[in-house]
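The values are calculated or read from the model by the stated rules, or taken from the named source; none is laboratory data. What you are looking at is a predicted structure, and each value in this text was computed from that prediction instead of being measured. Methodologically, a virtual Cβ is constructed for each residue, glycine included, from the backbone with ideal geometry; neighbour enumeration extends over all protein chains shown. Just the protein is used for accessible areas: all its heavy atoms, side chains included, with ligands, DNA and RNA removed. Shrake-Rupley method; radii C 1.70, N 1.55, O 1.52, S 1.80 Å.
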Amino acid sequence: MTTLMRDEKIVAAARLPAQPLRRAQANLVPALFLLPAGIGIGTFVIVPAVLSLAASFFSVPLTGGAWTWVGLANYEHVLTDAAVLQAIGNTLVYSVITIVPSLGIGLCLALLANSVVRGRAFVRTALFLPMTANLVAMAVVFRWLFAFQGGFINQVLGFAGLGAVNWLGDTSTSLLTLAMVGVWRSASFSMMIFFAGLATVPGTIHEATRAEGIRGWTKLTRITLPIMKPTVVFATVVAVLGSIQVFDTINVMTQGGPQGSSETILTMTWKLGFGYFDLGAASALSFLLLVVLVGIGLIQRRVLAGGHK
């Protein structure tokens, strides 16, 4: 018996070195899967963010050469320049105009898609199509739709006996027109988020509400939406981030005009860097935007955690 126990201990001791090796191999597999994403994030997110922060304190010549230290002058410039302040104001107005309608329309579409029994897959696909479309190509299409001369919208107004509207060329309508395009785009994505959230509501909840006679608006506001709180917060944050970072449609349809009436933070950053060749000011503005986006992400995390650290 003693000999048998001694032999088992020897065998167990011989196996010990293999256990850490197997554990290391098991940890290596997830790391290898994460490596491509890590390289992409490091190359296209972390490194540009660090370079942007560094360049914001320098005067950076576009053609190369030594960087000149200017301290906080770039931040002072972007926070006092009238055109930049106008772009910041336009971004806030654009966000206010687009966020609430896109969330409301997205929720209504999700409820519609969830209530359809026959052809549900077709309805979901049709409602999600705007999100799959190439945004630059669709911006070209919308630019034709809202064109002052020969545009489809003005042709319809002409048939109705109404005068043509300079949708994109008037300072009073350009930003509103772009906001309508933004709602069309973001409502589709909000719909998919809300549709996924509706699937998390337990079936017993629906059965209980039917038994109690709770339906319609009361069921939505008192039961469904509270259960979907994480989904609602996530959809709201995504809508906010998308509205703040709008660029493609504005750059294609108006280039920030007329007279800066549709300029946003990202289009102004582009102009500062590659239009006015002021890379330091562009870096300062982009880094301030990054700080705002990170702050929004932290707020989302705190809300989802129930307000506790």
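A compact table of results
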item: Members of segment 38-52 that are among the hydroxyl-bearing types (Ser, Thr, Tyr) and touching a residue at least 60 places away in the same chain (Cβ under 8 Å); result: 52
item: Given (1) over 17 Å from the mean Cα position of the chain (by Cα); (2) among the hydroxyl-bearing types (Ser, Thr, Tyr); (3) in a helix (DSSP H, G or I), number of the condition residue 231 does not satisfy; result: (1)
item: Subset of segment 258-286 (residues that are modelled with pLDDT under 90, open to solvent by 50 Å² or more (accessible area, probe 1.4 Å) and assigned to a helix (DSSP H, G or I)); result: 274
item: Among (1) in contact with a helix residue (DSSP H, G or I) (Cβ under 7 Å, 6 or more places away or on another chain); (2) open to solvent by 20 Å² or more (accessible area, probe 1.4 Å); (3) closer than 18 Å to residue 146 by Cα, the one test that residue 255 misses; result: (1)
item: Residue list for segment 66-82, filter: among the small types (Gly, Ala, Ser) and surrounded by fewer than 14 Cβ atoms within 10 Å (Cβ to Cβ); result: 66, 71, 82
item: Segment 89-115 residues that are more than 20 Å from residue 199 (Cα to Cα) and free of Cβ contacts under 8 Å to residues at least 12 places away in the same chain, paired with ones that are in a helix (DSSP H, G or I) and β-branched (Val, Ile, Thr) (beta carbon under 9 Å, 6 or more apart); result: 92/244
item: Candidates 217, 184 - the one that is open to solvent by 50 Å² or more (accessible area, probe 1.4 Å), assigned to a helix (DSSP H, G or I), aromatic (Phe, Trp, Tyr) and closer than 22 Å to residue 243 by Cα; result: 184
item: Residues that are in contact (Cβ under 8 Å) with a residue 24 or more places away in the chain and touching a strand residue (DSSP E or B) at 6+ places or on another chain (Cβ under 7 Å), drawn from segment 53-88; result: 57, 58, 59, 70
item: Subset of segment 154-166 [closer than 17 Å to residue 254 by Cα and open to solvent by 50 Å² or more (accessible area, probe 1.4 Å)]; result: 166
item: Some residue of segment 298-309 being crowded, with 18+ Cβ neighbours inside 10 Å and either under 30 Å from residue 83 (Cα atoms) or in the same structural domain as residue 107 (by TED's automatic domain parsing) (or both); result: yes
item: Within segment 108-153, considering residues that are outside any helix (DSSP H, G or I), among the hydrophobic types (A, V, I, L, M, F, W, C) and open to solvent by 60 Å² or more (accessible area, probe 1.4 Å), the one modelled with the highest pLDDT; result: 148
item: One residue from 189, 195 being open to solvent by 20 Å² or more (accessible area, probe 1.4 Å), modelled with pLDDT of 85 or more, part of a helix (DSSP H, G or I) and within 30 Å of residue 285 (Cβ to Cβ); result: 189
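A quick yes/no check of all residues on (1) open to solvent by 90 Å² or more (accessible area, probe 1.4 Å); (2) in contact with a helix residue (DSSP H, G or I) (Cβ under 6 Å, 6 or more places away or on another chain):
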residue	(1), (2)
36	no, no
46	yes, no
56	no, yes
64	no, no
